[in-house]
1. If you count only protein heavy atoms and use a 1.4 Å probe, how large is the accessible surface of THR29, to the nearest 10 Å²?
2. Share of antiparallel DSSP beta bridges in region 1-75, in percent to the nearest 5?
3. Over 24 Å between C-alpha atoms is what I'm after, so list which of LYS59/LYS91; LYS6/LYS47; LYS6/LYS44; LYS47/LYS85; LYS59/LYS85 land there.
4. Tell me the accessible surface of LYS59 in square angstrom (1.4 angstrom probe, heavy atoms of protein chains only), to the nearest ten.
5. Provide MET151, MET185 ordered by accessible surface of protein heavy atoms (probe 1.4 Å), highest first.
Amino acid sequence: MQLSVKGKQMDIGAALRGHVEDSLPPAITKYFENPTSAQVTFAKEGKTFRADIVVHVGKGINVEGHASAEDAYAAIDVATAHVAKRLRRYKRRLRDHHRGKDSKVANILAQQFVIEPDFNVAEEPAENDQPIIVAEIETEIESLSVSEAVMRMDLSNENALLFRNSASDAINLVYMRSDGNIGWMDPRTGKEDDTP
């Protein structure tokens, strides 16, 4: 596994790098034998350190863990525990994620846009007022079951995941609700009004 350890506007010492190299790979390989790569990024946020871990375990499958603490070592230990917990929860499904897949179903290519954070949709739009696009990213909308989509969303620590439902072939969305539950949007189950 390729391991990258870097800092955002801070130097990573040999001792901290060694701690990451000694603790992260065993935690990952305990549950998943062949991860491709892992990136660890440290950042100083006021008086605390933030550790972000992204582990690439397969095609399109990333496992993420984040933690903040007053000590960089504590932050990486907590983030490593988050990654290990997610891998433990889904280890069997991750190992078998290729089994039973229909290779004829192609993913949908899509364009993903990142909009500047200061765009205010509440204001009255001026003529030709469009949000400023900061980045354009080509992405794929994968064909997944609902449970696979929930697993992928949890593993990547995201708030929402758009996917093609493998059962219905319709575009669906799973998302984290503010009450802590997971929501699922399936347009094919919506009621259509046939009245003229």
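The values are calculated or read from the model by the stated rules, or taken from the named source; none is laboratory data. Just so it is clear, the model here is predicted, and its values are computed rather than measured. Heads up: the accessible areas ignore ligands, DNA and RNA and are worked out on the full protein's heavy atoms, side chains in. Shrake-Rupley method; radii C 1.70, N 1.55, O 1.52, S 1.80 Å.
1. Roll a 1.4 Å probe over it and THR29 shows about 60 Å².
2. Here the share of antiparallel DSSP bridges comes out near 70 percent.
3. LYS47/LYS85
4. Accessible area, nearest 10 Å²: 150 Å².
5. Sorted descending by solvent-accessible area, the residues read MET185, MET151.
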